[in-house]
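What follows is one structure encoded as structure tokens, with my remarks underneath.
The values are calculated or read from the model by the stated rules, or taken from the named source; none is laboratory data. Bear in mind the structure is a predicted one, so any value in this text is a computation, not a measurement. Every residue, glycine among them, receives a Cβ derived from its backbone with ideal geometry; neighbour counts consider all protein chains shown.
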Amino acid sequence: MNCPRCHAGIVYQGNWPACDCDAVPDLMLTVREAARYLFLSRGGVCHLIRQGLITASTSKRPARIAMTSLKAYLAAEHAARTASRGGDAP
């Protein structure tokens, strides 16, 4: 799978999704960019924000979401899927 932001291949280091975006400190994405990164709709990203699963800075428009928040969400989802499969699944 390739990162829709930087187009590098996404690999997991432990449970953390790693790609070239990690080299950009304090990278913030719009809801639309976050939706593209997570392969969700914008409404799906807004739902995750409302549930508190990802954090967003809404002090300015458009809202901005930290890449680390998205990756933490993906890491948690990956860990949950791996645990439900028995631990050593890819």
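Just a yes or no: is a residue in segment 76-87 touching a Cys at 6+ places or on another chain (Cβ under 8 Å) and surrounded by 14 or more Cβ atoms within 10 Å (Cβ to Cβ)? So far as segment 76-87 goes, no, none of its residues is touching a Cys at 6+ places or on another chain (Cβ under 8 Å) and surrounded by 14 or more Cβ atoms within 10 Å (Cβ to Cβ). Every condition in (1) assigned to a loop (DSSP other than H, G, I, E, B); (2) under 15 Å from the mean Cα position of the chain (by Cα); (3) of a type in the set (S, T, N, Q) holds for S59 except the one numbered (2).
From the list G44, G52, the lone residue that is modelled with pLDDT of 90 or more and out of contact with any helix residue (DSSP H, G or I) (no Cβ under 8 Å at 6 or more places or on another chain) is G52. Suppose we filter L53, L40 for residues that are farther than 16 Å from T68 by Cβ and assigned to a loop (DSSP other than H, G, I, E, B); which single one remains? Result: L40 is the single residue among L53, L40 that is farther than 16 Å from T68 by Cβ and assigned to a loop (DSSP other than H, G, I, E, B). Candidates are the residues of segment 15-37 that are free of Cβ contacts under 8 Å to residues at least 12 places away in the same chain and not in a helix (DSSP H, G or I); the one that is farthest from the chain's Cα centre (by Cα) is P25.
Assess whether R5 counts as being part of a helix (DSSP H, G or I) and of a type in the set (K, R). Walk me through it before giving the result.
Details: part of a helix (DSSP H, G or I): no; of a type in the set (K, R): yes.
Considered against the rule, which asks whether it is part of a helix (DSSP H, G or I) and of a type in the set (K, R), R5 comes out as no.
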